[in-house]
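Some notes on the structure that comes next.
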Amino acid sequence: MSEPGSTLPTHDIADDIKALQLDSAAEDTVMDNTEDWKPDTNGEDTVMANTEDQKPDVAVNHEKMVRDDRKPDAVLNPDKTDGGKEKESIPPDDLDHDDDQKKRHLNVVFIGHVDAGKSTIGGQILYLSGQVDERTIQKYEKEAKDKSRESWYMAYIMDTNEEERVKGKTVEVGRAHFETETTRFTILDAPGHKSYVPNMISGASQADIGVLVISARKGEFETGYERGGQTREHVQLAKTLGVSKLLVVVNKMDEPTVKWSKERFDEIESKMGSFLKSSGYNVKKDVQFLPISGLVGTNMKTRVDKSVCSWWNGPCLFDALDGIEVPPRDPQGPFRMTIIDKFKDMGTVVMGKIESGTVREGETLLVMPNKVQVKVLAIFIDENKVRRAGPGENLRVRLSGIEEEDIIGGFILSSFARPVPAVSEFVAHLSILELLDNAIFCAGYKAILHIHAVVEECEIVELTQQIDPKTRKRLKKKPLFVKKGAFVECRVQVNNLICIEKYADFPQLGRFTLRSEGKTVAVGKVTELTTSEGA
């Protein structure tokens, strides 16, 4: 469901978010008779993007995630699949990779305030990694100049539709791929404008790591950071959605008002460091700051020259991305793949990301919650056909036994032996961030639930217990209502069956946000499932 613009309050946000999200061992608090409140950010909560046709002159699987008017990608044509790539591997071997080590795969979401330079950085990464040729860049330069938008040409690599190019704003989440020596990356370019926060949630929910882009230009950082700016909301949502590792990229350092100033960089690092800590990040362990210029590519693939920036001794962007460590995933767990999109291509093809387990060609699975038994006919990772794939991989899976119209986004391709639960009601712990017009939060409150790829209207049917925000202990008196800043246990009901898991069992499918009228009103985690029709 599409929603209007959204902002988060600046007051009391620090304590609200910290209590729900903080995953630093030094700051953990165990509630009396409850699970730890803070969502575990294992970096596994990603779901693959929806796609449309890739540009013929861009040598990369670069798509836009769209809900309508989609077309099957040419990469799904088995005639274009090199048989040498059909090795049984997780992930598949690269043809030019000589040793036995297989590259890991990470999904990287680019977040931040509008006009911070996210799409430009994404385009520059593709150019520097050889995914876009010089002829294409020259074409985009001419196109941007014709629109009197000379500095936008790199963003055109990521922003492929005309509306985005005319407005200079990313609307849908752009998707592209690049590789370094050790890692295969999927770029998720999230929109920065407050009107498209639901799309940003979709992108962040798919990410293993985040790149927070901040403009160093005088006035632009302040606009994004102060009340109403999307820098704050993006950070808080990313933490809630499980993005545990952040690279904070201070962009536009070459701008005339900055000129690679160490003082400006230190000012931004100081302010953002404090805010990131209050939002639940362990700044020393999980956050790294670095200066770049996305437009010209300085300090991206190679370290900035001392003649340009004498004070920087840290890594460049590519090295920093390569150096990020995320927790290992379990390929032996029950299979779970959240379905983001579907289309017909010699059968029914579904798209998504494996959250747990391994899928093999020829295997029998269930599409939940409608409990349809299907058989896996083919598996595609990017442009490669493979025989099996493990957790963390973005896939297209061709199925038999189900029609395209019987699948919607948010369904889960699940293990037949251990299917995912399907429920219409669940118990959750909530942290109330903001209520519109000083409203109260009580039974009957309605909002939009965002949990993995599911977007459903929900209703709070009962407040079961309130939890003291200081002691984290349950209060004896059952609350009739709560206000902003409260922590509460409640029962949540949705109209349709949805596939979710308890947070303690499966963090990726158990953390969620509630939004109303374009604002994020609460974040929470699923603690108990009721009316389950799954396992």
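By average Cβ neighbour count within 10 Å, what is the ranking of 439-448, 242-251 from highest down?
Taking the mean over residues of other Cβ atoms within 10 Å, the ranking is 242-251, 439-448.
Past 28 Å, Cα to Cα: identify those pairs from LYS484/LYS525; LYS239/LYS502; LYS102/LYS252, in the order given. Don't jump to the answer; show the numbers that get you there.
Numbers: LYS484/LYS525 18 Å; LYS239/LYS502 18 Å; LYS102/LYS252 35 Å.
Long pairs (Cα-Cα over 28 Å): LYS102/LYS252.
Treating each Cα of region 343-500 as an identical point scatterer and ignoring solvent, apply the Debye formula and state log10 I(q)/I(0) at q = 0.14, 0.15, 0.16 Å⁻¹.
These q points yield log10 I(q)/I(0) values of -0.78, -0.83, -0.88.
When N counts the residues of region 389-449, how does its alpha-carbon radius of gyration compare numerically with 2.2 N^0.38 Å, as a ratio?
1.74
Which whole number in µm²/s is D for region 198-260 by Stokes-Einstein, with the Kirkwood Rh taken over Cα pairs at 10 °C and 1.306 mPa s?
127 µm²/s
To one decimal place, what Kirkwood hydrodynamic radius in Å is obtained for region 235-275 from all pairs of distinct Cα atoms? It would help to have the intermediate numbers written out before the result.
Numbers: mean 1/r = 0.0852 Å⁻¹.
Radius from the Kirkwood sum: 11.7 Å.
To the nearest 0.05, how large is the calculated FRET efficiency for LYS375 and VAL461 if R₀ is 41 Å and r is the Cβ-Cβ distance?
With R0 = 41 Å, the Cβ-Cβ based efficiency is 0.60.
If you place +1 on the Cβ of every Lys and Arg and -1 on the Cβ of every Asp and Glu, how big does the dipole about the Cα centre of region 361-503 come out, in debye to the nearest 20?
Around 980 debye, computed over region 361-503.
Using the Cα centre as the reference, give the magnitude of the dipole from point charges on the C-beta atoms of region 237-384 (Lys, Arg: +1; Asp, Glu: -1; all else neutral), rounded to the nearest 20 debye. All intermediate terms of the calculation are to be shown ahead of the outcome.
Working: 21 positive and 19 negative charges, 77 e Å.
With only Lys, Arg, Asp and Glu charged at Cβ, the dipole is about 360 debye.
Spin-label point model (7 Å from Cα, Cβ direction): what's the LYS483 to GLU222 distance in nm?
3.3 nm
Can you list, largest first and rounded to whole Å, the semi-axes you get for region 480-526 by taking the square root of 5 times each eigenvalue of its Cα gyration tensor? Intermediate values should be presented prior to the final figure.
On the way: eigenvalues 80, 38, 28 Å².
Sorted largest first and rounded, they come to 20, 14, 12 Å.
What order do you get for 487-499, 449-461 when each peptide is scored by the mean count of other beta carbon atoms within 10 Å, highest first?
Top to bottom by mean Cβ count within 10 Å: 449-461, 487-499.
If you average 1/r over all unlike Cα pairs in region 434-535 and invert the result, what Kirkwood radius do you get in angstrom?
For region 434-535, inverting the mean 1/r across all distinct Cα pairs yields 14.3 Å.
With θ set to phi - 60°, apply the Karplus curve 6.51 cos²θ - 1.76 cosθ + 1.60 along region 365-377 and write out the HN-Hα couplings as whole Hz, x wherever there is a Gly or Pro.
3J(HN,Hα) across region 365-377, in whole Hz: 10, 10, 9, 10, x, 8, 6, 8, 7, 10, 10, 7, 8.
Suppose each label sits 7 Å from its Cα in the direction of the beta carbon; what would the SER261-ARG135 distance come out to in nanometres?
Here the answer is 4.4 nm between the modelled labels.
Would you please put 327-334, 231-238 in order of how densely packed they are, using the mean number of other Cβ atoms within 10 angstrom per residue and starting with the highest?
231-238, 327-334
Hey, got the dipole for region 307-439? About the Cα centre, +1 on K and R Cβ, -1 on D and E Cβ, debye to the nearest 20?
On the way: 14 positive and 19 negative charges, 139 e Å.
Magnitude of the dipole: close to 660 debye.
Could you tell me the largest-minus-smallest coordinate of the C-alpha atoms of region 236-377 on each of the three principal axes, in descending order and whole angstroms?
Result, largest extent first: 61, 35, 24 Å.
No lab work stands behind these numbers, since they all come straight from the coordinates. Please read all numbers here as calculations on a predicted model, not as lab measurements. When we count neighbours, we look across all protein chains shown, and the Cβ atoms used for this are built from the backbone with ideal geometry, even at glycine.
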